[in-house]
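Report on the structure given below.
Any read-out appearing in this document is the output of simple, stated calculations on the displayed coordinates, not a laboratory observation. Keep in mind that what you see is a predicted model, and the values were worked out from it rather than measured. We place every Cβ from the backbone using ideal geometry, glycine too, and count neighbours over all the protein chains shown.
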Amino acid sequence: MSVPTIALNNGIEIPQLGFGVYQVKPDQTKEATLTALEVGYRHIDTAQMYRNEKGVGEAIAESGLARDEVFVTSKLNNGFHAHDDALHAFDESLERLGLDQLDLFLIHWPLPAIDVDFVETWKALEEIYASGRARSIGVSNFQPKHVRRLVQETDVVPAVNQVEVHPFLTQDEVRAVNAEHGIATEAWSPIAQGLVLDNPVITGIAADHDKTPAQVVLRWHVQRGDIIFPKSVTRSRVEENFAIFDFELEEAEIGLINALNKDHRTGPDPDEFNWIP
Ligand code: NAD
């Protein structure tokens, strides 16, 4: 089973399915990531905030895979939005990961109420991109108005916008604005941390396809064109979440799942989240 790739707006190819390591404990991260790489995942999504970049780097080194076979994303932590802090924090990420280049580096949250304007932060990411040490740069949790400001006021259009998306939060507006600017949507918490899995519409479609509810929801994301990286430290679930390329949902089934939207966030509202760890 091979994972399709999506071409970002700078031509870089990203595997549409990856492995997320949010809430994976630092001392479990190497093992969990190695399991994912063994199963076949070739895209890992970490962040400075997760405090587990070191384990991700160790797993990649131990896997025996060539560097260009694994797509690695990390994200700038909230305390480092000032220009020089962002440059320094990026270098520290590379060091912890044991890499000399990231495939994708994101501003983790827009933090609209802090002193540092995210446009300043983005200019630091543009410098990192120009230096070649990040093959692509993007944002996370940016609302439509934040995306529009970056597009209007800076030179490099983000390659991705990583936002919370799942059947209870379909994010039609932000996905449309991303698409309008050629920005790929990455869907975080793709199964809403399990919350959507016992919904009868989803369990019904799963039974019809002889697949699990998680597989149906992940397949729904894939057919909508978003990039996903479900998280699990349980090998059987890591395998289950990877086995989504041998069946197809019908348009009507996708419509039924779209209709489950209730604008329900499991995570913070980016307009109000200004937390610095
Ligand atoms: P998720 O939707 O991937 O759910 C993960 C949880 O669901 C697991 O802890 C496990 O309990 C359960 N699970 C996983 N597979 C399952 C299966 N097959 N059957 C039943 N239960 C299963 O949620 P997430 O970890 O929050 O999101 C995925 C990734 O998105 C993260 O690891 C991280 O990389 C990224 N993320 C980014 C942000 C951001 O602000 N940019 C925020 C949250 C998550």
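Structure above, values below:
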quantity	calculated
Residue in segment 144-153 that is of a type in the set (A, V, I, L, M, F, W, C), in a helix (DSSP H, G or I) and within 22 Å of Thr35 (Cβ to Cβ) present	no
Lone unmet requirement of (1) touching a helix residue (DSSP H, G or I) at 6+ places or on another chain (Cβ under 6 Å); (2) within 10 Å of the ligand (Cβ to nearest atom); (3) not in a strand (DSSP E or B) for Val201	(2)
Selection count, segment 46-104, where residues are part of a helix (DSSP H, G or I) and touching a Leu at 6+ places or on another chain (Cβ under 8 Å)	16
Residues being touching a residue at least 24 places away in the same chain (Cβ under 8 Å) and over 16 Å from Leu94 (Cα atoms) - total across segment 122-145	10
Check on Ser74, surrounded by 21 or more Cβ atoms within 10 Å (Cβ to Cβ), without any contact (Cβ under 8 Å) to a residue 40 or more places away in the chain, small (Gly, Ala, Ser) and within 20 Å of Gly20 (Cα to Cα)	yes
Residue match in segment 139-153 (condition: touching a helix residue (DSSP H, G or I) at 6+ places or on another chain (Cβ under 9 Å) and within 20 Å of Thr5 (Cα to Cα))	yes
Output for segment 193-219, where each listed residue is among the hydroxyl-bearing types (Ser, Thr, Tyr) and touching a Leu at 6+ places or on another chain (Cβ under 7 Å)	none
Unique residue being out of contact with any Ser or Thr (no Cβ under 9 Å at 6 or more places or on another chain), under 29 Å from Lys30 (Cβ atoms), more than 12 Å from the ligand (Cβ to nearest atom) and in a loop (DSSP other than H, G, I, E, B) when the list is Ile244, Ile276	Ile276
Residues of segment 195-241 satisfying the condition of being of a type in the set (D, E, K, R) and either closer than 19 Å to Glu164 by Cβ or in contact with a Ser or Thr (Cβ under 8 Å, 6 or more places away or on another chain) (or both)	Arg219, Arg224, Asp226, Lys231, Arg235, Glu240
Residues satisfying the stated conditions in segment 115-140, i.e. of a type outside the set (Phe, Trp, Tyr) and part of a helix (DSSP H, G or I)	Val119, Glu120, Thr121, Lys123, Ala124, Leu125, Glu126, Glu127, Ile128, Ala130, Ser131
Candidates Gln162, Gln152, filtered to the one that is over 19 Å from Pro277 (Cα atoms) and more than 21 Å from the chain's Cα centre (by Cα)	Gln152
Residue that is farthest from the chain's Cα centre (by Cα), among those in segment 77-107 that are small (Gly, Ala, Ser) and surrounded by 14 or more Cβ atoms within 10 Å (Cβ to Cβ)	Ala82
Residue count, segment 128-163 (criterion: surrounded by fewer than 16 Cβ atoms within 10 Å (Cβ to Cβ) and of a type in the set (D, E, K, R))	4
Residue within segment 213-227 that is out of contact with any strand residue (DSSP E or B) (no Cβ under 6 Å at 6 or more places or on another chain), over 14 Å from Asn258 (Cα atoms) and not in a helix (DSSP H, G or I) present	no
So Arg219, is it surrounded by 22 or more Cβ atoms within 10 Å (Cβ to Cβ) and more than 10 Å from the ligand (Cβ to nearest atom)	yes
When residues of segment 178-198 are limited to those that are more than 6 Å from the ligand (Cβ to nearest atom) and surrounded by fewer than 14 Cβ atoms within 10 Å (Cβ to Cβ), the one nearest to Val238 (Cα to Cα)	Asp198
